[in-house]
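Asks: First the structure, which I've put down as structure tokens, then a few questions once you've had a look.
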Amino acid sequence: MNSATASANPAVFPISLLCLSNSWGGLELNTVRFADWMRQRGWPVQIITLPGSPIATRTTELRLPLATLQNPWKAADIPAAGRLASLLRGFDTRVLIVTRNGDLGLAVLCKTFRMPQLRLVYQQHMQLGLAKRGLLHTLRYRALDAWLSPLPGLARQVQEKTRLAAEKLHVVPLGIELEKFAQPGFSQAEARAELGLFLPPNAVLMGLIGRFDDGKGQNFVVEALGKLREKHSQLHVLFVGEPTRNEGNAYREAVQKRVQELGLTEAVHVREFTLKPEVAYRALDISITASVNETYGMVTIEAMAAGLPVVASATGGTLEIVRDGNTGLLFPLRDEAAFADAVEQLLEVPELAERLGQQARKEALATYSHHRQCELTENVLRTLV
């Protein structure tokens, strides 16, 4: 069936995505979304993941082709490499896209010993961390046919920390379906009502969208809000997200306890993760990114597409996504005074908030659309086969 589809349209051919993760965060969500987008564009796409994983569940819900695989011996799992080759051959896979760094070893093993004709692409989602110029990583990366890096800065990091051939490296921003954020089709009042937010008429609602995790900065925002409300009692904060998977609820409970200690119960609003984040963005006046080190801030981009002024910590990939004074305001990590100053600028100069939001929406739509990610990826894939 896949061969017939490909022969009917020679511009497309069967591809598989490999992500053996049992978590459900940005990487996993983006893997499934990307597969679905490519399918909508006519590509035969298969997802290979762990049995019973959240990825497998979501893949099934979307009725995408699914294959499951376990590799208990990780990168040295020769039997698993053989099973992977069988799954790829069964789908007539021409290109395997690996979205999780931890699966590269298995994919390279499969290509090297089972399917030398296979084209192998790594879709980068995380920073590299330490340098990877040793023999093992050099041989592993040499087996790659293409490396897709989501930001220019991350691509420069790859050049600095690996021996990957420069011609294999491509900048392909991870895409988002931005239209639903830019044109939600409902008002701020309707969004707040749907979230059960009944705020005073003069309320200014700031929001941090993302799982409860110390690295996301909810605790920092609560402390800063306590001081800000001494002067700006109209400020409220919305947190939308669940605890980090497999890490318990201790951090979220600690944040909520601190809210009570500071007397902020009526000003801090917590809602669970939603499959309709556009509702949360529409309810906001200001979006906050307070992460310690966000590799690629999807929620920041979503907020920009929604036309919100963004106040963000000057760390990680956020430094490339948000241009200070143009598409948002940056503050040094965990600097409460600088954060408060940025928020007060937006409160005192409404024209600034409007200008930042408009410019942010324009840049987000031009750079981070899922259509653009798919087009750039297709251009790379077609050079490989």
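The numbers here are math on the coordinates, done by the rules we state, and not lab data. Being a predicted model, the structure only gives us computed values, none of them experimental. Positions of Cβ are generated from backbone atoms using ideal geometry, with glycine treated the same way; all protein chains shown enter the neighbour counts.
Asks: LYS227: which aspartates and glutamates have alpha carbons under 16 Å from its alpha carbon, excluding same-chain residues fewer than 8 sequence positions away?
Replies: By straight Cα distance, LYS227 reaches GLU261, GLU266, ASP335, GLU336, ASP341, GLU344.
Asks: What is the projected area of the convex hull of the Cα atoms of the range 156-236, averaged over all directions, in nm²?
Replies: Values: hull surface 37.6 nm².
In nm², the orientation-averaged hull projection of the range 156-236 is 9.4.
Asks: Quick check: the distance between the Cα centres of the range 39-54 and the range 244-277, to the nearest angstrom?
Replies: First find each Cα centre; the distance between them is then 33 Å.
Asks: OK, next. Relative contact order for the chain: what percent, with Cα pairs under 8 Å and sequence separation of 6 or more? Could you put the intermediate results ahead of the total?
Replies: On the way: 699 pairs, mean separation 50.8, N = 385.
Normalised by residue count, the contact order of the chain is 13 percent.
Asks: Quick one: what do you get for the range 1-101 if you divide its Cα Rg by 2.2 N^0.38 Å?
Replies: Values: Rg = 13.2 Å, N = 101, 2.2 N^0.38 = 12.7 Å.
Ratio of Rg to 2.2 N^0.38 Å for the range 1-101: 1.04.
Asks: Continuing with the same structure: For the pair PHE113 and ASN202, what calculated FRET efficiency results from E = 1/(1 + (r/R0)^6), where r is the Cβ-Cβ distance and R0 = 51 Å, to the nearest 0.05?
Replies: On the way: r = 67 Å, r/R0 = 1.31.
My answer for the efficiency is 0.15.
Asks: A follow-up question, please. Roughly how many nanometres apart are two label points built 7 Å out from the Cα toward the Cβ at GLU194 and LEU128?
Replies: So the label points at GLU194 and LEU128 sit 4.2 nm apart.
Asks: When the dipole is taken about the Cα centre of the range 179-367, and only Lys, Arg (+1) and Asp, Glu (-1) are charged at their Cβ, what size is it in debye, to the nearest 20? Display every interim value, and only then the final one.
Replies: Details: 19 positive and 27 negative charges, 54 e Å.
Approximately 260 debye in magnitude.
Asks: Taking a 22 Å limit on the Cα-Cα distance, which of the listed pairs LYS111/LYS161; LYS74/LYS216; LYS216/LYS276; LYS74/LYS111; LYS231/LYS276 fall beyond it? Present the calculation step by step, with values, prior to reporting the outcome.
Replies: Numbers: LYS111/LYS161 24 Å; LYS74/LYS216 29 Å; LYS216/LYS276 20 Å; LYS74/LYS111 15 Å; LYS231/LYS276 33 Å.
The answer is LYS111/LYS161; LYS74/LYS216; LYS231/LYS276.
Asks: Give the Cα extents of the range 179-367 along the principal axes, in whole Å, largest first.
Replies: Taking the Cα atoms of the range 179-367, the three principal extents are 41, 36, 34 Å.
Asks: So, one more: Between CYS110, ILE97, GLN157, whose Cα lies farthest towards the positive end of the dipole of the range 81-169 when Lys and Arg beta carbons carry +1 and Asp and Glu beta carbons carry -1, centred on the Cα centre?
Replies: The residue sitting most towards the positive pole is CYS110.
Asks: Hey, if you put +1 on the Cβ of every Lys and Arg and -1 on every Asp and Glu Cβ in the range 179-367, which of GLY297, LEU195, LEU346 ends up farthest toward the positive end of that dipole?
Replies: LEU195
Asks: Related question: Among LEU228, LEU136, LEU120, which one shows the biggest mean-square fluctuation in a GNM of the chain, springs joining Cα atoms closer than 10 Å?
Replies: Judging by the Gaussian network model, the answer is LEU136.
Asks: Moving on. Points 7 angstrom from Cα along the Cβ direction at LEU29 and GLU320: gap in nanometres?
Replies: Distance between the two pseudo-spin positions: 2.0 nm.
Asks: A further question follows. Using the Cα centre of the chain as the reference point, and only Cβ charges (+1 on K/R, -1 on D/E), how large is the resulting charge dipole? Debye, rounded to the nearest 20.
Replies: Values: 42 positive and 39 negative charges, 379 e Å.
The calculation lands at about 1820 debye.
Asks: Compute the Rg to Rh ratio over the chain from the alpha carbon atoms, using the Kirkwood formula for Rh, and round to two decimal places.
Replies: Details: Rg = 22.1 Å, Rh = 22.1 Å.
Result for the chain is an Rg/Rh of 1.00.
Asks: Here's a follow-up. With the crude spin-label approximation of a point 7 Å out along Cα→Cβ, what separation in nm comes out for ARG41 versus ARG163?
Replies: 3.3 nm
Asks: To the nearest Å, what is the center-to-center distance of the range 69-145 and the range 300-330, using C-alpha atoms only?
Replies: About 34 Å separates the Cα centre of the range 69-145 from the one of the range 300-330.
Asks: Could you name the aspartates and glutamates whose alpha carbon sits less than 15 Å from that of LYS132, not counting residues in the same chain fewer than 8 places away?
Replies: Reachable aspartates and glutamates: GLU160.
Asks: Just to verify a number: FRET efficiency for THR138 and PHE273, C-beta to C-beta distance, R0 = 25 Å, to 0.05?
Replies: Details: r = 40 Å, r/R0 = 1.59.
It comes out at approximately 0.05.
Asks: Assuming R0 = 22 Å, what is the FRET efficiency of ARG355 and VAL171, from their Cβ-Cβ distance, to the nearest 0.05? All intermediate terms of the calculation are to be shown ahead of the outcome.
Replies: Numbers: r = 28 Å, r/R0 = 1.26.
For R0 = 22 Å, the calculated efficiency reads 0.20.
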